[in-house]
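Below: the structure, in structure tokens.
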Amino acid sequence: MSDPVFWLGLSVGLVAVGILAVILTLLPAVIQLGRAAQSVERFFDTLLRELPPTLEALRLTSLEVSEIADSLDEGVKGAGQVVKQVNRSLEGARNQARGAQVNVRSLWAGVRAAWQALSSETPPTAMRNPQLRSGQAGRPFSAAAPSIPLGDMRSFASKATPEGSPPHAQPSRPDATNP
């Protein structure tokens, strides 16, 4: 057993058996690694085919979202202006309603005053106002009073009829009988 060739052969044989064991153990791993490499290669091929259109679609989608956001912002601003305009219109309508209410009340007060003036002999309360009387204290306004004085009818009647006799029909103007 001291032969060195034997020991050399034995050691070479043992190394060969070890290498064979390593190769047999690595063979399934190498096969799996080859399959994984093919899978990665197919993935990269698919990625190269699909990624540029997907990125383009994402870019277009982001542009559309930006446009929608801008139009939505403009729509919100427009809606705000519409709300302001509606508020101004409502305020104008309120003011017109107040004015109409004042006009209706004034008209109703005028109709009531006219009705009172036409339906009764008593003067309306507004005509008893001291500012409207123009210095005629105690004298109420009368719509039936003549506005143009006709003169003194007694002196005319005494000239036209003899004393003691009843007066005859006299003209309303005194200068009509005097030539």
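Readers should treat all values here as calculations from the given coordinates under stated rules, not as data from a laboratory. Since this is a predicted model, take the numbers as computed values, not measurements. No Cβ is skipped: glycine too gets one built from the backbone with ideal geometry, and neighbour counts run over all protein chains shown.
Each Lys or Arg adds one and each Asp or Glu subtracts one; over the other residues with Cβ under 12 Å from the Cβ of SER71, this totals -4. If R0 is 41 Å, the Cβ-Cβ spacing of LEU55 and VAL83 corresponds to a FRET efficiency of close to 0.50.
If you filter segment 26-128 for chymotrypsin sites (Phe, Trp or Tyr not before Pro), then keep DSSP loop positions with at most 12 other Cβ within 10 Å, what is left? Those that pass, being in a loop and sparsely packed, number zero.
Once both labels are positioned 7 Å from their Cα atoms along Cα-to-Cβ, the gap between GLU67 and GLU91 label points is 3.8 nm. Each listed q (0.16, 0.19 Å⁻¹) maps to a log10 I(q)/I(0) for segment 13-80 from the Debye sum over equal C-alpha point scatterers, namely -0.76, -0.84.
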